[in-house]
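FYI, it's all coordinate maths here, none of it is from the lab. Remember, it's a predicted structure, so these values are computed and weren't measured experimentally. With ideal geometry, Cβ positions are generated from the backbone for all residues, glycine too; neighbour counts draw on all protein chains shown.
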Amino acid sequence: MITMQDYLDRAPQVVKNYLGNSNYRKANGDFSVGKSSYRAIRVIGKFVKNQVPFKSRDAFIRDFVYKNPSAFWDLYDKSKRPDYRWK
């Protein structure tokens with residue numbers, strides 16, 4: 001059986017760099033857009049949508065990216081809009 005850590009191990013190096021860097025985290029452990037960028041959110045979200053099975057996506061987000069998966073998906077949708085694309 002594949003665990004969430006196995007999905008993270010299969011991630012591209014850029015996703016591992018974003019998720020592994022403590023400089024991109026808030027005090028509570030959530031991934032921070034202010035300390036990184038919307039581009040990072042888009043890269044992470046694209047990996048999750050393409051490589052993690054649908055039923056496991058929220059668990060993956062909760063374990064490695066954001067405590068609240070719906071807030072992450074809102075940021076991901078926002079990152080695809082032209083106003084935030086290059087920020």
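Of the helices (runs of 4 or more DSSP H) lying entirely inside the chain, not one contains at least 2 residues that are basic (Lys, Arg) and touching a Pro at 6+ places or on another chain (Cβ under 6 Å). Just one of the listed residues (Val65, Val15) is of a type outside the set (Ser, Thr, Tyr), crowded, with 17+ Cβ neighbours inside 10 Å and in contact with a strand residue (DSSP E or B) (Cβ under 7 Å, 6 or more places away or on another chain), and it is Val65.
Among the residues making up the range 31-50, those that are out of contact with any Lys or Arg (no Cβ under 6 Å at 6 or more places or on another chain), over 9 Å from Ser79 (Cβ atoms) and of a type outside the set (A, V, I, L, M) are Phe31, Gly34, Lys35, Ser36, Lys46, Phe47, Lys49, Asn50.
Among the residues of the range 39-62, those that are over 18 Å from Val14 (Cβ atoms), surrounded by 14 or more Cβ atoms within 10 Å (Cβ to Cβ) and of a type in the set (Lys, Arg) comprise Arg57, Arg62.
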